[in-house]
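What follows is a short report on a single structure.
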Number of protein chains: 4
Amino acid sequence: MTTTGVKRQKQMEKEGALKYPLFAVNEADSKHLFDNRYGTGQSTIDGITRATNILWAGKRVIVCGYGWCGRGVALRARGLGSHVIVTEVDAIRALEAVMDGYEVMPLLDAAKVGDIFITLTGDTSVIDKAHFELLKDGAILANSGHFDVEINISALEALTTAKRRVRPFVDEYTLADGRHLFLLGEGRLINLAAAEGHPASVMDMSFANHALCSEYMVKMGKTLVPKVYSVPKEIDWEIGRLKLLSMGITIDTLTAEQKKYLESWKSGT
Amino acid sequence: MTTTGVKRQKQMEKEGALKYPLFAVNEADSKHLFDNRYGTGQSTIDGITRATNILWAGKRVIVCGYGWCGRGVALRARGLGSHVIVTEVDAIRALEAVMDGYEVMPLLDAAKVGDIFITLTGDTSVIDKAHFELLKDGAILANSGHFDVEINISALEALTTAKRRVRPFVDEYTLADGRHLFLLGEGRLINLAAAEGHPASVMDMSFANHALCSEYMVKMGKTLVPKVYSVPKEIDWEIGRLKLLSMGITIDTLTAEQKKYLESWKSGT
Amino acid sequence: MTTTGVKRQKQMEKEGALKYPLFAVNEADSKHLFDNRYGTGQSTIDGITRATNILWAGKRVIVCGYGWCGRGVALRARGLGSHVIVTEVDAIRALEAVMDGYEVMPLLDAAKVGDIFITLTGDTSVIDKAHFELLKDGAILANSGHFDVEINISALEALTTAKRRVRPFVDEYTLADGRHLFLLGEGRLINLAAAEGHPASVMDMSFANHALCSEYMVKMGKTLVPKVYSVPKEIDWEIGRLKLLSMGITIDTLTAEQKKYLESWKSGT
Amino acid sequence: MTTTGVKRQKQMEKEGALKYPLFAVNEADSKHLFDNRYGTGQSTIDGITRATNILWAGKRVIVCGYGWCGRGVALRARGLGSHVIVTEVDAIRALEAVMDGYEVMPLLDAAKVGDIFITLTGDTSVIDKAHFELLKDGAILANSGHFDVEINISALEALTTAKRRVRPFVDEYTLADGRHLFLLGEGRLINLAAAEGHPASVMDMSFANHALCSEYMVKMGKTLVPKVYSVPKEIDWEIGRLKLLSMGITIDTLTAEQKKYLESWKSGT
C-alpha cells in the first residue's frame, strides 16, 4: 500500500466504507523510509534515463513534492550532477528542501527554467495548463507519483497540434506556438513504465511487511475489526534486524546501565 | 527542551512526578528537523574545528548515534570530505545510515580506525574503557549529545598517566601504553564549549515554538493538566510559514480540485 | 581518441611508427573533463543498473583507477548512496580520492569487502587470480576502462566449474569452492555493452573536437608532420563557448582593467 | 607561491625582470590540488563562520571564480547545505561548474539573489560599483583570493553614508538608499583574517614542496638560471608517497606485465 493508498483507506474508514481490517504498511519505517526514498529515488532516475538517455549533469530538474519519494528523487538527481528545484505546498517540507540545499519556488516560476519535471505528490493536475504555457521548448515531463493524473494530459492535448512517438516511452507534443514537450510513459509511473521498478534489495523490506502483517492477521483472527491498523513495532524492528543480518552488518546493543539511564529522569540532570 | 529532555519528562509523567503541563517542543517538526539536524550538524563541526583546526578532508569520523543530531553531523562531516562511520543500537536507523552511503559497524570495530569520535546518543558511557583501549594514538574525542556523560571520563582518567591542556578546549591524555588521546571541551557539548552554539537563523524556529506554546498555555489556562503535550500542529505550521516568509520564499497552494482529490477514495483508483 | 589511445599514439611517435599527424583530442579540456568524467560516470552506472537492476544505496563499490573516468564513476556511485572504495597505483591520485572522502586501500583488501567492482585503469589484469580468490559470494565485476583486458577472464575461467548467463549481459561463474561471481558484458565496456553509451549532450563536445581538428588539419595541410599534436587552445575554448551558448548560459568577461591587472606584477603586491 | 604569485613571476621572467631561479611550487600537483582546494575550501568557510556565525544551510552562496580555490569553496558550501552559484570568465571552467551541479550566471544577475559572496579570482574589482547597487539588504561580502583588491572597497565607501564594526571582522556599510552590506575582514583573505588559515595537515604538503625544492636548488647550484622552474616530478611524487605513508594508507603497485602493457601499442588493440 502506498502513501496515497493509506490516505484513501483511512478516508474509507472514516466514512464507514471499510469492510475488513487493513495494515498501513506504507507507514512502517522499514517500508516508507527505504522503498519510497531509496527505491523510488533510483528507479525514477533509471526510468527517465532509459526512456531518454539524457545527461543529468548540468540539467535543471524540477521535483514536484518533497515527501519520501520526492526526497529520494531530489537526492539522486543531485547525486548525478543536476541542479534541483523543489516545489511544495507544505511549508515545513519546503523549508527542509531549502536547508537541504535545493532551490524552492512556485511551479509557475520553475516552469520557465526547468529541463526535466518529475511529479511525486499523490495529487491531481500538478502540472497543468498554466504550466504547459510557460515550459521551455524541449522540456521533459515525467510522473513517478500516482497513477497518470499528476500531469494533466487532457489539458496538454488541448494545446497540441501534433503528437508522435519519438522513442519508446517518449511522446513529443508539438504545441500551436511551435514548442515541443516530451511526455514520458504516457504520464504513468515512469519507473514501472520504462525501467524494471524498484530493485529487489529494497522491495524485500516492503514485501516482508506484507508477509509478516498477513501472518499477524491470521494469528489475531477475529479480534481485528474493519480498521486501518499500524504495523506492529515488533514487525517493523524485526524487518530492520533481518535486513542488516542479510547484509552482514552488525550493530551495538545497549548495556544494562544505558537502558536504565534512558528510562531515568533523576540521574545526570 | 531537547530529545533527552522530552524522554525524561514523559518518564516523570508516567511516574506521576510531573507537577504542571509541559509542551514537547523538541517533537515539533519545526524544531527537531531543523535545530537538531542543521543546527547541531554545523555547530558541532564548527566547535571541533575551532578547538583543533584539523582538516576534515580525508579523516575518518565516527558518529555515534544516527538520530536527528547524528544525521546532521554525519552529513556535514561528509560535506567537508570526511569518511564517515556511523554506530547505532537501532536497526532501522542503522539501515538508513547504510543506505545514506555511510559505513556502519560496532563501536569496538570503529574504535580501531577512527580519527575523530563524536557522540550524539543522549545516553551514558557510549565511549568507554573497552574503546579507549583500542583507539589510535592521536584520536580526538568530542561529545555533542547530552551533558558530559557520553564519554566515560573517569574510565579514561583511570587509564591515564599524564594530562595537559594543549590548546583551549583540548586536553591531551597520555595513557600508560604511551598513546595520546585528545578530549575536547571536557566532554561537554562541544558546540557550546568551543563555538557559539547554533546560528540565530535556526534557533529562531526553536524559540518561536517556546514563545507560541507559552502564549497557548496562557490562553488555555486551567484546561491544561500536568502532562507532556504535543505542540499544536497549527503552531508548528505557522512557524514554517513565517520562516519561509522571512527568507523571501514562496510556495504553491493546493487548488480546490486538489484538496478534494486528496480526501476522496473514489476518483482515480 | 581515449586516454589509452593517446598513450599508445605517443609511444608510436617515440618509436617512429607514426605515419601521419594526429591530434590528442582526449587531452583537450573540452573532451576529457566532460566526456571521461560526466559521460563515463553516468553511463557506467547506467550500464550496470540495466544489466543487474541492483540497488546502489548501501552497496560497497570498488572503483579501480582514479583518473577522469574513475573520478566520474566514484562521484556518481556516491551520488546514488554507495560506499565507494578507490584503488590506485599513483600516490597523488590516491590522496585526492582520500580527501574527496573515499576509502583508499590495496585491491587485495578491497576484494574481501566489495559488492561491485568497476575497472577504469587502461591497463591489463587489474582484477586477477589473487583477487578472484578473495571475492565475496555474489560479487559483481564490470569494466568501463579499456577493451576486455582489465578483468583477467582466462584466470577467472581457470577457477570456474560452471558458467551460465542469468540475465542479458550477466554471466554467473561458479567457482570450485562454491562461490558465485557475476561478470557483466563479458568484461567489455559496460556502458556500451548494456546501455546506450554516453548521452548526446556530452558526446557533442567530443565530436566537436574531432570535427574542428579535422578542419584545422585540412587548413594546415602539409605543414603538419607525423606527430601527436595537442588540440589548439582556440578550438578547445571555442567548444566551451558554443556549449554554454547552446545551454542558454551566459558568463562574465574581464574588464580592460582586470586583463591588465592579471598581466602585471607591479600593482597590488 | 600562490596561483597569482606564479602568474606574476612568469610575467617577470618574460620581461627579463627575474634576478634568480624560482620554483613554481603552486603548480605542483601535491600543492594546488590539495592546499588550494581542500585547504582554502575549508578555511574560507571557517573564517566566515567565525566572523558571522551564520547558518550555511539554505543560504545562496555566490562563488566568484572556479579555479582550485573556488572549486574547494563551492564544494564545502554545498557540503554545508548552501545553494551555490558560480561566476566565471572562462567557458570551460563555467561548464565544469554547471556539470558539477551548480548554477552559473553573470555576477550582475547573482548580485540580486546572493546572501554571501566570496571572491577567489586573483583579479581586481571583481565585486564593483555596479554590483553593490544591486545587492540585497544584509548581503555578506568576503574575499579569499588575492590581497584586498577583489572587492572594490573604495567604490563601496563612495556609496556609503555610515560604517560601523558590528562584530570582530564584520563591518556594516549603510548605503544612501538604506541597505546594509557586511564586509568581512576588510576584504583581506578571510581564512587568515578571522580563522587560523589552513590546517597543518594540508600545509605540510605545501611546505614539503618548499623544503624539497630548496634542497634541490642547493644541489643543482649554478646550473640553474633566473627562470620559473617547474617542481621536478620526482619531488611531487615523493610528497604524495610520504603523505600517504603518514596517514597509514597503502596503495597498489603496477606489475611488470602492467608496466609493459602501458608502454606498448601493439597488444590489446
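The values are calculated or read from the model by the stated rules, or taken from the named source; none is laboratory data. Just so it is clear, the model here is predicted, and its values are computed rather than measured. Cβ sites come from the backbone with ideal geometry, for glycine too, and all protein chains shown count toward neighbours. Only protein heavy atoms, including side chains, enter the accessible area calculation; ligands, DNA and RNA are left aside. Shrake-Rupley method; radii C 1.70, N 1.55, O 1.52, S 1.80 Å.
Here the label points at C:Lys112 and B:Leu159, each 7 Å from Cα along the C-beta direction, are separated by 2.3 nm in the simple model. Among the GluC sites (Glu not before Pro) found in region B:2-65, those both in a DSSP coil and sparsely packed, with 13 or fewer other Cβ atoms within 10 Å of their Cβ, are B:Glu15. Across region B:244-259, computed HN-Hα scalar couplings (Karplus, 6.51 cos²θ - 1.76 cosθ + 1.60, θ = phi - 60°) run 4, 4, 5, 8, x, 10, 10, 10, 7, 10, 5, 7, 4, 4, 5, 4 Hz from first to last residue, x flagging Gly and Pro. Classify the protein assembly as shown as rounded, prolate or oblate, taking a ≥ b ≥ c as the square roots of the eigenvalues of its Cα gyration tensor: rounded when a/c is under 1.5, otherwise prolate if a/b is larger than b/c and oblate if not. Since a/c stays below 1.5, the shape of the protein assembly as shown is classed as rounded.
From Cα pairs below 8 angstrom and at least 6 apart in sequence, can you work out the relative contact order of chain C, rounded to a whole percent? About 22 percent, as a whole number.
Between D:Phe207 and D:Glu15, take the C-beta separation as r, use R0 = 35 Å, and let me know the FRET efficiency to the nearest 0.05. My answer for the efficiency is 0.75. Averaging over all projection directions, the Cα-based convex hull of region B:119-179 occupies 4.1 nm² in the image plane.
For the protein assembly as shown, the carbon plus sulfur part of the accessible surface works out to 58%, probe radius 1.4 Å.
Shielding of peptide C:124-130 by partners, expressed as the average count of other chain Cβ atoms within 10 Å per residue Cβ, is 3. What separates the D:Tyr20 label point from its copies, with the point 7 Å along Cα to Cβ, is 5.4, 7.5, 9.1 nm, written shortest first.
Please state the shape class of region C:143-250: rounded when a/c is under 1.5, otherwise prolate if a/b exceeds b/c and oblate if not, all from the C-alpha gyration tensor. Here region C:143-250 falls in the prolate category. Packing, taken as the mean count of other beta carbons within 10 Å per residue, orders the peptides C:73-85, D:145-157 from highest to lowest as C:73-85, D:145-157. Backbone N atoms of region C:57-71 closer than 17 Å to the 7 Å Cα→Cβ label point of D:Trp237 belong to residues C:66-67. Near A:Leu135, once Lys and Arg are set to +1 and Asp and Glu to -1 for all other residues with Cβ below 9 Å from its Cβ, the sum equals +1. Residue-level result for chain D: its Cβ closest to the axis carrying D onto C, with that distance in Å, is D:Leu75, 6.
Between A:Ala97, A:Ala139, A:Ala17, the GNM of chain A built on Cα springs shorter than 10 angstrom shows A:Ala17 fluctuating the most. Residues considered: C:Ala162, C:Ala28, C:Ala110. Largest GNM mean-square fluctuation over chain C, using C-alpha springs under 10 Å, is found at C:Ala162. Amide H contacts of C:Ile62 (H built 1.01 Å from N, in plane; Pro and chain starts excluded): C:Ile85, C:Asp115, C:Ile116, C:Phe117, C:Ile118 sit under 5 Å, all sequence-distant by 5 or more or on other chains.
What separates the Cα centres of region C:177-223 and region C:51-89 is a distance of 19 Å. The lysines whose alpha-carbon is closer than 21 Å to the alpha-carbon of D:Lys227, local same-chain residues fewer than 8 away aside, are C:Lys266, D:Lys7, D:Lys10, D:Lys14, D:Lys19, D:Lys31, D:Lys219. For D:Thr174, inter-copy separations between label points set 7 Å beyond Cα along the Cβ vector come to 5.7, 6.2, 8.3 nm, shortest first. Overall shape of region B:1-131 was characterised from the C-alpha gyration tensor. The equivalent ellipsoid obtained from it has semi-axes of 28, 17, 14 Å, in decreasing order. Taking a ≥ b ≥ c as the square roots of the eigenvalues of the Cα gyration tensor, chain D is classed as prolate, since a/c reaches at least 1.5 and a/b is larger than b/c. Within a straight-line Cα-Cα reach of under 27 Å, A:Lys112 can be paired with the following lysines, leaving aside sequence neighbours fewer than 8 residues apart in one chain: A:Lys59, A:Lys129, A:Lys136, A:Lys163, B:Lys243, B:Lys259, C:Lys243, D:Lys59, D:Lys112, D:Lys136. Partner shielding of B:5-12 amounts to 3, given as the average count of beta-carbon atoms from other chains within 10 Å of each residue beta-carbon.
In order along region C:160-165, phi translates into HN-Hα couplings of 9, 9, 8, 9, 8, 8 Hz, rounded to whole numbers, per the Karplus curve 6.51 cos²θ - 1.76 cosθ + 1.60 with θ = phi - 60° and x for Gly and Pro.
Here the extension length gained between B:Asp137 and B:Lys259 equals 37.9 nm, from 0.36 nm per residue of separation less the Cα-Cα distance.
Between the amide H of B:Tyr229 and those of B:Leu22, B:Phe23, B:Ala24, distances stay under 5 Å, these residues lying 5 or more places away or on another chain, with hydrogens modeled in the peptide plane.
Across the copies of the chain, A:Gly248 has label points (7 Å from Cα along Cα→Cβ) spaced 2.3, 4.9, 5.2 nm apart, shortest distance listed first. With θ taken as phi - 60° and the Karplus curve 6.51 cos²θ - 1.76 cosθ + 1.60 applied, the whole-hertz 3J(HN,Hα) list for region C:166-181 is 9, 8, x, 6, 10, 9, 8, 9, 9, 8, 4, 7, x, 5, 10, 10 Hz, x standing for glycine and proline.
For region C:40-148, GluC sites (Glu not before Pro) are listed when DSSP marks them as loop and at most 16 other Cβ atoms sit within 10 Å of their Cβ; the list is C:Glu133. Inter-chain neighbour count for A:39-51: the average number of beta-carbon atoms from partner chains within 10 Å of each residue's beta-carbon is 4. Rolling a 1.4 angstrom probe over the protein heavy atoms with all chains in place gives chain B an accessible area of 40 Å² per residue.
Accessible surface of A:Lys19, taken over heavy atoms with a 1.4 Å probe and every protein chain present, rounds to 150 Å².
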